[in-house]
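Just below is one structure, and these are the notes that go with it.
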Amino acid sequence: MSVHNENSSKKKITVSTFIKKKKHGEKIAVLTAYDYFTAKFLDRAGIDAL
């Protein structure tokens with residue numbers, strides 16, 4: 001059995017991150033989740049902001 005920390009490979013997204021992405025012309029993905037399970041799914045999918 002192995003234990004994995006979900007946050008170990010994720011990079012923290014901050015306002016500065018969004019500003020840098022805008023300056024470089026990168027698109028961001030922002031979605032709304034109305035429940036925990038959807039939020040968890042979207043977070044694992046790599047959505048930039050929920």
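The values are calculated or read from the model by the stated rules, or taken from the named source; none is laboratory data. Quick caveat, the model's predicted, so the values are computed rather than measured. Note that we place each Cβ from the backbone using ideal geometry, even for glycine, and neighbour counts take in every protein chain shown.
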Check: Considering the stretch 35-49 alone, what residues qualify as being more than 12 Å from I13 (Cα to Cα) and exposed (fewer than 10 other Cβ atoms within 10 Å of the Cβ)?
Finding: D35, Y36, F37, A45
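Yes or no, residue by residue, for (1) modelled with pLDDT of 90 or more; (2) charged (D, E, K, R):
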position	(1), (2)
N5	no, no
K21	yes, yes
A39	yes, no
R44	yes, yes
